[in-house]
Each structure stands twice: as structure tokens, then as C-alpha cells.
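Written out below as C-alpha cells is the structure these notes cover.
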Amino acid sequence: MAEERMRVAVLGGGSFGTALASIAADNGAEVRQWLRDPALTEQINREHINGRYLPDYAINPAVVASTEMAEVLPGAGLVLVAIPSKAFGDVVRQARPHLTPDQILVSTTKGIQEEGFKLMSQILEEETGFPHIGVISGPNLASEVADKQLTATVIASDDPETRTRVQTALGCDYFRVYASNDRFGVELGGALKNIYAIAAGMAAALGMGENTRSMLMTRALAEMSRFAVSQGANPMTFLGLAGVGDLIVTCSSRLSRNYRVGYALGEGKSLDEAVEALGQVAEGVNTVRLVRDKARAEGIYMPLAEGLYQVLFRGVPAKEMARLLMLGEQSSDVEFVLAREDVQRAHREQEGDTQGAKGGGHG
């Protein structure tokens, strides 16, 4: 007997949600996409184009868009939630009456909710109480996914069924889906790297070279993993697609929204001017503030996040921030090999020996 056709629902009409909806349809799923905007909904259904976010991308004609949750969610085995973090909770609450516990709910959003410092999968869990919760994250620039360029992503979940169903629904010859059981680490990686993409954009605008960019990315990786491990993530996750993979692409590409905001700041624009020129949500701007405040509250050493906070929200010029960062402490390279505290202790001991030698020179 032929296997029943999978039904997939996508909440959100942005670039990544649209690309995933089309991939699922290419793979033979029955796909419904929910959008707020009636005009965009009509355009997707009539012209099979999302003119606002992916104007050059031909969406699979089997994708049916709607502004009604009741037409999109019932009967869907897999629900992909591709909503910016600020509206994520509201949309999930709106969807809740149309959802059932057997459905698989997966966030594709790389951000943190300010209230309670919550990740998107935690919101899904709290609002629904459902058992099949997952996260998609990785080096996934939507425009390249839409161009069918070879891309890899991670589906992270404690639940094997969630991981397998997402791999089946979205895996194809150009979009590879790898599995992880560290949902928290994968999701934090996706949210945190946005911060450092802003820093990379600033460095590029200031004319800094390849050595600088390499240093910036590597120290960013150390800072990301330090923070994530303090919150309970597995440090090994950051060697994968959702850690170093996503960091590389967002710190190297002008297609990255956060990189473009950073570039504008490096050119001397204000934060408001930079965000206005972008015309889309750059999740990293809000994440800088949230992570910096959390790090300060919990005593986590994050000099890059602190420096970016000063540029974005305190008016410190980007050039000045770069200079101050270079005056910071020279600590350990990989903290999971050599602890930062051990390096600091060695410095203190050497200083003590030096002071002792100076003091003992007048016998």
C-alpha cells in the first residue's frame, strides 16, 4: 500500500519559511503556508512568488497559502514555525487551538525572547506541552536555499521521531538535514552567532584584514560556547553546523542581515539608520542586549558582546570599540582544553614572583 502523503504546515511568510515550504512540496508533501498579509497570500497562490522576501524564486505551485490558521494547521503531521522572535509567542498562542499533541512542532527562528530569556523551542514547549518539539538551525541563507545551492542544516530534538520526520520531509539532493539531540545548544548557536555577524560586518567596513576576521570568528566561537555551556549546552555542538558552520556563513556573507547592519554601523551610521536601510528584522540587534545583560548578571566573560552593546546602545564609535577589544586580557585559546582561570592564575603568580624579585633586590 502506498505511504500516506505527508502534510506540512508552515507558519510565516518570510524568506526561510517560504523556501522550506517549497522544499517540502518538492519532496511530495501537501503544504499549507500561513501568512498575515492577504496580498502576499494571494500573490503566492496566484503567481507562486513571494515578491517581498524572495522575488526571484519560483515557489512550488503545490504550496497553498492562507491567512487562516484553521485552514493550515489541522491534519498537518509537521508544523514549521518561521516567525521572528518578537512575534513568535503570540503566533504560537494563536495557533494553539488548532494544534494536537501528535503533531511535530519545529522552530526555524534564531532568536531569544526577552521575557524570561526564552528560546523559541521553550516557548513551543510551554505554550503546548506537546512531546514532539524540535529546532532547525545551521548555515542557511534563505536566498541560497531558494537557488538550490548545496546547503546543510541541523534538526535538533530529544525526540527521535521528530528528527526522522524532519529529515524525511526536508532532506533532498541540495538541502541536507543532519540530526542532533542537543536542542538547547543548537538553538543557542543559531541565536548567538547573529551577535558576531554584526561584529564581522563592522570589521569589514573598517577595512580590517583576513587575519582580523579569522581572529574575530574564532574568539566569537569561544565566547558563544562559553555562554552556551554555562546555560547547559554541550560544547561539542559548536564544532558542528549550528555552531562554527553558521558562524562562518553569517560572518562572511553580505547576504546576512546581521552582517549588513554591522557594516552600516562600521560606516558610521546610527543603529536606527542601519536597521531602516535593511528593511527586515536583524535578530542579532536584540540578542546583543539580551545576552550582554544575562552575561553580566551571571558573571560570564563576553568582551565581544559587551563591546557590541556599547556601539549599538551607548553610541561608542565602532573604531573605538575595536581598539578597546585589543587591549583586553590575553587568555586561553580553547577553554575546554586549558581553563581561562588557569591562565589568569599563572599570570598572577608570575606578577607575584616579579614583585617579590623587585622587593628582594635591596638586601
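The values are calculated or read from the model by the stated rules, or taken from the named source; none is laboratory data. Bear in mind that the values here come from a model prediction, so they are computed numbers and not experimental data. Heads up, the Cβs are rebuilt from the backbone with ideal geometry, glycines too, and the neighbour counts pull from every protein chain shown. What goes into the accessible areas is simple: the full protein's heavy atoms, side chains included, and nothing from ligands, DNA or RNA. Shrake-Rupley method; radii C 1.70, N 1.55, O 1.52, S 1.80 Å.
Within segment 146-186, the set of residues being modelled with pLDDT under 95 and among the aliphatic types (A, V, I, L, M) comprises A146 only.
Taking helices (runs of 4 or more DSSP H) as the structural unit, those lying wholly within segment 263-336 and holding at least 1 residues that are more than 22 Å from M208 (Cα to Cα) and hydroxyl-bearing (S, T, Y) correspond to 283-298.
On the given criteria, is V8 buried (at least 21 other Cβ atoms within 10 Å of the Cβ) and touching a Leu at 6+ places or on another chain (Cβ under 6 Å)?
yes
Per this entry, D182 is not counted among residues that are of a type outside the set (A, V, I, L, M, F, W, C) and out of contact with any Ser or Thr (no Cβ under 6 Å at 6 or more places or on another chain). Restricting E298, E273, E283 to those that are more than 26 Å from G13 (Cα to Cα) and acidic (D, E) reduces the list to E298. Considered as a group, the residues in segment 310-332 that are open to solvent by 20 Å² or more (accessible area, probe 1.4 Å) and modelled with pLDDT of 90 or more include one that is nearest to L221 (Cα to Cα), and that residue is Q310. Of all residues in segment 62-91, those satisfying the criterion of being out of contact with any helix residue (DSSP H, G or I) (no Cβ under 8 Å at 6 or more places or on another chain), over 16 Å from L124 (Cα atoms) and free of Cβ contacts under 8 Å to residues at least 40 places away in the same chain are E68, E71.
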